[in-house]
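Worksheet: one structure, shown below.
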Amino acid sequence: MPVIAAISEALEAHVQAGDTVGCVAVVADHHGTLHQSAHGLRAAGGAQPMTLDSVFQIASMTKAIGCAALMRLVEQGRCSLDDDAGALLPDLGALPVLDGFDGDTPRFRPRRRPVTLGQLASHTAGLGYEMWNADQLRLLAQRGVKRRDAGRAGLANFPFLREPGERWEYSVAIDWIGIAIEEIAGEPIREFLAREILGPLGMTSTDVTLTEAMRPRLVSNHRPGEDGRLAPAPGIGEYPDGFFAMGGCMSGTAPDYARFARMILRDGELDGVRVFAPETVRAMSASIIGDLRVRNLPSALPMLTAPLEIFPGVEKTHTPLFMRVEQDVPGMRRAGTLFWAGLFNTHYWIDPASGLAAVLMMQQSPFLSPPARAAFESFERAVYRELS
């Protein structure tokens, strides 16, 4: 197992400081794995040490895999990012725009513009998330529903918040992408992913549901207790009715996700298996939002997430799969780096300019809390100090 001491020491210091209960880190380049390490415990107060094969709820790291599945259909000529998603999915097409509130009564109007698959994939469709949009949270509270409890039907409670193409806002849009994939492919998303992406990449411990082999290795989620220390807390429950939401349903290991990241770094090939054509990976890696830019978003649910502020002051765009930085971050990633994360502080980045890809998985709330952010930034800075 390759280990770079300075990277391990940086992470171990954050475990000892209580910033995280445990974590797994993987760093790779075009040729293979440069570093793998596991630190701390799977659960606070438990006896199981963190191991490389520990299984994490990767939440929104699902999104890139789901959108890669969409790009497989684009590659096959079965759809286009410019296709009208509302025509393909009548339930989506019927959603109105939430135009504000008259007192406590929500006010709706019809949508004026079509919404495309590409806008859904890049979070420019006009939808939102209750964690970062107070109007969306208010609507859910008035209706007495939670998004996950209602499965696919719960998406009816997420109207458009503005016209498609007006601005970037992180959203439930990738859940609709998963439904679109099933409609176009004519099969369940789990089967499509297994055949087209997870199987070819050898991601044997990543799935849209916890298999019996994965369940014993599951890491507990954590949340600060009254004393400020991280303590075990509920994670994400499974959706009802067999609905696998591509916005955040997957669980997996850090080495598995590093295989996905290395495939992107290698223009679609890994270990002699061609998963995507090079031109498809180039399309996956290029911004598709024009003059729009990724915006900071305030937190509407502080127990779940801090404000969505990633590399403040650094210009960021969005591709069909990833966020992308358009400027170098001093001491860290380079311009053109593709990245994102999961709600429980799992993170990855793919830096073509430096030839590096990395994954760091923790399992704690809130997302982007100062302790979790400190651990991640220490990890990334150690990677570039040692390897750039």
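Here, each number is a calculation from the coordinates, and none is a lab measurement. Remember, predicted model here, so these are calculated numbers, not experimental data. When we count neighbours, we look across all protein chains shown, and the Cβ atoms used for this are built from the backbone with ideal geometry, even at glycine.
Around the Cα centre of the stretch 61-182, unit charges on the Cβ atoms of Lys, Arg, Asp and Glu (plus for the first two, minus for the last two) sum to a dipole of about 140 debye. Model label sites at ILE310 and ASP91, defined 7 Å from Cα along the beta-carbon direction, differ in position by 2.7 nm. Helix-only arithmetic for the chain: the sum of -39500 (n - 2.57) across DSSP H runs with n ≥ 4, divided by the residue total, places the mean residue ellipticity at 222 nm at -8000 deg cm²/dmol.
Compactness of the chain is given as radius of gyration and Dmax, 19.9, 61 Å, from Cα positions.
Here the dipole of the chain is about 300 debye; that uses its Cα centre as origin and unit charges on the Cβ of Lys and Arg (positive) and Asp and Glu (negative).
Each 10 Å bin, from zero up to the one with the longest distance, holds this percent of the alpha carbon pairs of the stretch 262-388: 12, 40, 36, 11, 1. Near ARG373, once Lys and Arg are set to +1 and Asp and Glu to -1 for all other residues with Cβ below 14 Å from its Cβ, the sum equals -3. Between THR209 and ARG293, the modelled labels are 4.4 nm apart [label points 7 Å from Cα along Cα→Cβ]. Packing, as the average of other Cβ atoms within 10 Å across residues, places the peptides 225-235, 70-80, 199-209 in the order 199-209, 70-80, 225-235, highest first.
Taking a point 7 Å out from the Cα of ALA277 in the direction of its Cβ, the residues of the stretch 250-270 whose backbone N falls within less than 14 Å of it are 268. Only one residue of GLY93, LEU139, GLY199 has its Cα farthest out toward the positive end of the dipole of the stretch 74-204, where Lys and Arg carry +1 and Asp and Glu -1 on Cβ, and that residue is LEU139.
Taking label points 7 Å from Cα along the Cα-to-Cβ direction, GLU12 and ASP82 give a separation of 5.6 nm. Take every DSSP beta bridge whose two residues both sit in the chain; close to 95 percent of them are antiparallel.
The trypsin sites (Lys or Arg not before Pro) of the stretch 103-152 that DSSP puts in a loop, and whose beta carbon has at most 15 other beta carbons within 10 Å, are ARG112, LYS146. Looking at the stretch 85-182, the pairs of alpha carbons with a distance over 16 Å make up 52% of the total. Computed over neighbours whose Cβ is under 13 Å from that of ASP271, the net charge equals +3, Lys and Arg +1, Asp and Glu -1.
In the stretch 145-256, the inverse of the mean reciprocal separation of distinct Cα atoms equals 16.3 Å; this is its Kirkwood hydrodynamic radius. Using R0 = 41 Å, the C-beta based FRET efficiency linking ARG143 and ARG112 works out to 0.95.
Other residues lying with their Cβ under 12 Å from the Cβ of ARG72 contribute a combined charge of 0, Lys and Arg counting +1, Asp and Glu -1.
Of the DSSP H helices in the chain, those with a Cα length along their own long axis of 24 Å or more and a mean Kyte-Doolittle hydropathy reaching -1.0 comprise 370-387. Within the stretch 296-388, the GluC sites (Glu not before Pro) that combine a DSSP coil assignment with at most 16 other C-beta atoms in a 10 angstrom radius are GLU309, GLU315, GLU326.
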